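Input: a single structure, listed below in structure tokens.
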Amino acid sequence: MTMPRPEHPRPQMMRENWTNLNGEWNFYIDYGNSGKDRKLYQKKEFPEKIIVPFCPESSLSGIGQVDFMPAVWYEKNLMLKKELYGNRVLLHFGAVDYRCSVWVNGKTVGEHCGGYSSFMFDITDFLEEGENSLVVCAQDDVRCGLQPRGKQSPDYFSTGCNYTRVTGIWQTVWLEYVPENYICSVQYYPNIADGTLTVKAQVQGAGVLKAKAFYEGRACGCVQAQSTGRTVMVTVPLAETHLWEPGHGRLYDLELRFGQDCVKSYFGMREIRIDGEKVLINGKSVFQRLVLDQGYYPDGIYTAPSEEALERDIRISQEAGYNGARLHQKIFEPRYLYCCDRLGYLVWEEHGCWGLDYSRPEALAAFLPEWMEILERDFNHPAIIGWCPFNETWDYEGRKQEESLLKVVYQATKLFDSTRPCIDTSGSYHVVTDIYDLHDYEQNPELLAEHYASFKAGGELRDTHPERQTPVKGVPVFVSEYGGIRWDTRSAQERDWGYGETPKTKEEFLERYRRLTDVFLDNPRMFGFCYTQLYDVEQEVNGLYTYEREAKFDMRIFREINGRKAAAEE
């Protein structure tokens with residue numbers, strides 16, 4: 001069997017010594033959620049087989065079970081190479097939805113909560129030379145109110161803009177072998193004016209941290225510093241400065257050494273700054289022509305079948321004239337972000353927060369730890385130009401959001417990362433934010449233009465939810481969801497969903513798209529737009545491409561519409 005998703009899952013933290021655990025695992029669906037009581041972690045065989053890293057709801061997993069699964073179990077036999085025994089052995093999970101418990105040889109290794117963030121366990125002390133049993137249990141309840149689920153449907157069927165659920169392992173699982181003293185994590189701080197990169201590393205043990213930078217194979221900077229453990233910082237002076245910008249990745253390679261540990265990484269020289277109502281990239285006002293991308297795949301659901309499929313989504317977006325995307329209600333995998341970094345593709349990272357009861361104080365404990373793990377994992381990607389922890393925090397069973405929740409998460413985000421803007425809750429209902437964004441699905445171009453005519457002329461911004469939020473003055477503004485025009489290439493189906501009435505002809509669709517988009521391109525006080533959406537997802541048919549990524553229209557038309565100079569551009 002060919003190894004599914006064989007590439008290294010974290011291109012910014014690559015070690016030569018690693019083992020990909022994707023492929024066939026033993027599997028069991030625990031409908032009664034009683035497996036822990038029955039001590040299934042001591043069981044060597046489960047009755048079914050599953051292909052990891054694909055979720056059991058997907059066809060690529062070989063299971064294809066789409067009903068609710070309160071708990072699922074995995075088991076895999078590990079053969080530990082004798083020459084590796086004595087190193088630290090780290091077990092990594094790209095993502096497991098939702099509450100994950102891990103056992104090695106029947107002994108508890110640890111637990112993790114959060115369906116979108118990556119995590120790791122040091123399993124060295126649980127291993128035996130030769131054969132070892134790895135057991136994983138994932139418990140999942142998208143209807144509990146204290147579990148962010150994103151667009152996973154809380155009903156049996158996918159309906160509207162909620163889709164097939166995802167349970168259990170859905171990103172790569174791998175082993176990594178490190179020496180006793182090793183690099184735990186790194187953060188990169190580029191300084192364009194000085195032509196330097198500061199590296200902040202968390203390390204295990206004492207030693208010397210060495211950093212070497214390369215551009216297109218040419219050595220262009222080297223520095224080292226002694227550390228007694230924990231945190232060490234070095235600043236690499238660069239002999240060449242090449243800026244990362246939209247359409248041009250211009251990535252540097254970076255080699256980090258700490259004693260016997262060697263990590264291969266990369267970085268981009270890119271800075272984000274807010275100047276009044278403008279968002280500046282490397283000091284320049286760049287109009288953000290964004291499209292909504294939800295990261296769903298017909299055969300893999302949350303998981304792309306290949307790295308080529310990840311890159312293709314960026315390419316088809318660029319072919320339609322977009323320079324970036326809002327990654328909507330899902331945390332995308334690092335390999336996708338690496339493709340964005342390489343291709344110079346702007347992205348806003350947004351948590352899959354739907355399903356969380358924002359009115360409950362306990363929501364903070366259910367949300368913040370995972371969000372901080374996400375920030376730490378993805379901090380170094382130059383393609384990420386902003387954070388968005390929440391989206392449309394609607395009332396939950398008639399109860400309004402606890403505003404302190406949004407405020408605390410915003411403050412924690414800014415404390416961790418002061419280099420990027422943060423939108424507290426996209427569209428509605430803002431509490432404290434660096435950027436004021438709105439969602440507006442008005443289908444009539446004349447009415448949409450009226451919504452922002454006063455703002456365009458220097459007046460007040462018309463808000464779509466004035467009863468719950470007051471626009472913040474003097475900050476950047478854009479409409480981060482609009483359009484959503486229905487166009488179904490399949491035969492009519494009752495469950496097809498989109499915004500507004502379906503245009504009668506392709507010509508009518510294109511004219512509506514053009515005129516809606518012109519509203520934002522012609523507004524000198526808007527720094528960008530985000531169209532809904534890049535491709536269809538299941539029954540939602542407002543994509544420019546089908547769910548299978550087939551173009552519905554001639555993309556040259558959208559490239560021409562989107563690409564003309566905006567009033568806000570320099």
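General remarks:
- Taken over the stretch 117-149, residues that are touching a strand residue (DSSP E or B) at 6+ places or on another chain (Cβ under 9 Å) and either under 24 Å from Leu337 (Cβ atoms) or not charged (D, E, K, R) (or both) amount to 21.
- Applying the condition of being acidic (Asp, Glu) and not in a helix (DSSP H, G or I) to the stretch 511-536 and asking which residue is farthest from Ser285 (Cα to Cα) yields Asp536.
- Leading residue by the ranking (nearest to Asn77 (Cα to Cα)) among those in the stretch 114-132 that are open to solvent by 10 Å² or more (accessible area, probe 1.4 Å) and touching a residue at least 60 places away in the same chain (Cβ under 8 Å): Phe119
- No other residue among Leu461, Leu438, Leu521, Leu447 is more than 22 Å from Asn323 (Cα to Cα), among the hydrophobic types (A, V, I, L, M, F, W, C) and in contact with a strand residue (DSSP E or B) (Cβ under 9 Å, 6 or more places away or on another chain) apart from Leu461.
- Among the residues of the stretch 489-501, those that are crowded, with 17+ Cβ neighbours inside 10 Å and either in contact with a Lys or Arg (Cβ under 6 Å, 6 or more places away or on another chain) or at pLDDT 90 or above (or both) comprise Trp497, Gly498, Tyr499.
- When residues of the stretch 66-82 are limited to those that are modelled with pLDDT under 95 and open to solvent by less than 50 Å² (accessible area, probe 1.4 Å), the one farthest from Gly168 (Cα to Cα): Leu80
- In the stretch 208-217, the condition of being of a type in the set (A, V, I, L, M), buried (at least 22 other Cβ atoms within 10 Å of the Cβ) and within 20 Å of Pro334 (Cβ to Cβ) is met by no residue.
- Identity of the residue in the stretch 465-488, more than 24 Å from Leu290 (Cα to Cα) and not polar (S, T, N, Q), that ends up surrounded by the fewest Cβ atoms within 10 Å (Cβ to Cβ): Glu467
- Which numbered condition Ser359 fails, given (1) in a loop (DSSP other than H, G, I, E, B); (2) open to solvent by less than 10 Å² (accessible area, probe 1.4 Å); (3) not β-branched (Val, Ile, Thr): (2)
- Residue check, Ala193 out of contact with any Lys or Arg (no Cβ under 8 Å at 6 or more places or on another chain) and of a type in the set (A, V, I, L, M): yes
- Sole exception among (1) under 21 Å from Ser185 (Cβ atoms); (2) open to solvent by less than 10 Å² (accessible area, probe 1.4 Å) for Phe367, by number: (1)
- Every pair of residues 6+ apart whose Cβ atoms lie under 7 Å, when the first sits in the stretch 49-72 and is without any contact (Cβ under 8 Å) to a residue 24 or more places away in the chain while the second is among the charged types (D, E, K, R) and surrounded by fewer than 22 Cβ atoms within 10 Å (Cβ to Cβ): Gly62/Lys49
- Some residue of the stretch 46-65 being modelled with pLDDT under 95 and on the phi < 0 side of the Ramachandran plot: yes
- Of all residues in the stretch 158-191 being over 30 Å from His328 (Cβ atoms) and part of a loop (DSSP other than H, G, I, E, B), the one that is most open to solvent (accessible area, probe 1.4 Å): Glu180
- Scan of the stretch 537-570 for residues that are at negative phi, part of a loop (DSSP other than H, G, I, E, B) and open to solvent by less than 30 Å² (accessible area, probe 1.4 Å), ordered by number: Gln539, Val541, Asn542, Gly543, Leu544, Thr546, Tyr547, Lys552, Phe553, Ala566, Ala568
- Residue list for the stretch 32-59, filter: of a type in the set (A, V, I, L, M) and either out of contact with any strand residue (DSSP E or B) (no Cβ under 9 Å at 6 or more places or on another chain) or surrounded by 22 or more Cβ atoms within 10 Å (Cβ to Cβ) (or both): Ile50, Val52
- Residue count for the stretch 379-420, restricted to those that are open to solvent by less than 10 Å² (accessible area, probe 1.4 Å), of a type in the set (Ser, Thr, Tyr) and not in a loop (DSSP other than H, G, I, E, B): 1
- Qualifying residue in the stretch 241-251 (condition: farther than 29 Å from Ala325 by Cα and more than 27 Å from the chain's Cα centre (by Cα)): no
- Residue within the stretch 470-483 that is modelled with pLDDT of 95 or more, in a strand (DSSP E or B) and small (Gly, Ala, Ser) present: yes
- Test: residue in the stretch 510-519 that is more than 27 Å from Tyr436 (Cα to Cα), in contact (Cβ under 8 Å) with a residue 40 or more places away in the chain and either open to solvent by 10 Å² or more (accessible area, probe 1.4 Å) or not polar (S, T, N, Q) (or both): yes
- Residue in the stretch 370-377 that is within 16 Å of the chain's Cα centre (by Cα), under 21 Å from Asp253 (Cα atoms), surrounded by fewer than 20 Cβ atoms within 10 Å (Cβ to Cβ) and modelled with pLDDT of 95 or more present: yes
- Residue match in the stretch 462-483 (condition: under 21 Å from Thr532 (Cα atoms) and small (Gly, Ala, Ser)): yes
- Single residue of the stretch 1-31 satisfying the filter (among the β-branched types (Val, Ile, Thr) and touching a residue at least 12 places away in the same chain (Cβ under 8 Å)) that is surrounded by the most Cβ atoms within 10 Å (Cβ to Cβ): Ile29
The values are calculated or read from the model by the stated rules, or taken from the named source; none is laboratory data. All figures in this text were calculated on a predicted structure; none of them were measured in a lab. Please note: Cβ atoms are built from the backbone with ideal geometry, for glycine as well, and neighbour counts cover all protein chains shown. Quick note on the areas: whole protein, heavy atoms, side chains included, nothing else; ligands and nucleic acids left out. Shrake-Rupley method; radii C 1.70, N 1.55, O 1.52, S 1.80 Å.
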